[in-house]
Amino acid sequence: GTAIVGFFLRSYLGSYLTEKGKNLATFEDIQKLVAQVQATEEAKADISSRMWDRQMRWAGKKERYEKLTADLSTLSSLMTHYESEKRNGIKQGDEFKRILDHGEVISRNAKVTRLFAGNDVNVAYRRVIAAFSVAVDCIERHCGGTECKDAVESFADAEDAFIVAAKKDLGYTD
């Protein structure tokens with residue numbers, strides 16, 4: 001009797017334990033797959049977050065560079081117009097004050113630009129500020145000769161160099 005019970009238990013327990021072992025192995029495999037899927041989803045979320053952050057920083061830089069470029073263009077136009085009319089003997093009103101006011105805005109922007117711009121942009125922007133200083137000094141002193149015209153053109157060249165550096169910093173290749 002005990003042999004039959006032992007045989008029955010062994011065959012029943014053997015197949016039961018074999019089935020339990022398979023189920024446990026399957027459960028462990030599923031847990032591993034779930035962990036891998038979670039790790040993959042976390043990696044995707046991290047990449048997405050970094051891409052969004054990079055995109056927002058790029059958009060902010062682009063907006064800032066567009067504003068700086070517009071300000072520089074306005075200042076360049078004011079200086080060219082002022083220098084040309086003064087050289088031709090035309091009396092000026094408050095245009096020089098507008099040039100100085102615009103120059104003050106450009107100088108303040110230089111401080112902000114250092115916070116986000118690449119090195120080439122900062123170098124180009126410092127060149128713009130230096131060229132502006134020389135042009136204003138020349139216009140204040142005597143204006144009318146080629147020295148002032150050259151100084152204003154030098155400012156325009158520095159402005160162009162800034163635009164090239166800003167485009168490069170944003171990843172534009174043309």
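The values are calculated or read from the model by the stated rules, or taken from the named source; none is laboratory data. Quantities reported herein were computed from a predicted structural model and do not represent experimental measurements. With ideal geometry, Cβ positions are generated from the backbone for all residues, glycine too; neighbour counts draw on all protein chains shown. Accessible surface is based on the protein model in full, side chains and every heavy atom, while ligands, DNA and RNA are left aside. Shrake-Rupley method; radii C 1.70, N 1.55, O 1.52, S 1.80 Å.
Data table
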item	result
Which numbered condition residue 134 fails, given (1) at pLDDT below 75; (2) more than 20 Å from the chain's Cα centre (by Cα)	(1)
Residue match in region 75-90 (condition: open to solvent by 90 Å² or more (accessible area, probe 1.4 Å) and modelled with pLDDT of 85 or more)	no
Residue in region 137-148 that is farthest from residue 81 (Cα to Cα), counting only those that are assigned to a helix (DSSP H, G or I), modelled with pLDDT under 80 and open to solvent by 20 Å² or more (accessible area, probe 1.4 Å)	141
Subset of region 91-131 (residues that are within 21 Å of the chain's Cα centre (by Cα), among the small types (Gly, Ala, Ser) and either within 15 Å of residue 67 (Cα to Cα) or at pLDDT below 75 (or both))	107, 110, 117
Every residue from region 53-70 that is over 18 Å from residue 122 (Cβ atoms) and open to solvent by 60 Å² or more (accessible area, probe 1.4 Å)	53, 54, 55, 56
Residue pairs meeting the criteria (Cβ under 8 Å; at least 6 apart or on separate chains; first modelled with pLDDT of 75 or more, in region 1-29; second open to solvent by 90 Å² or more (accessible area, probe 1.4 Å))	none
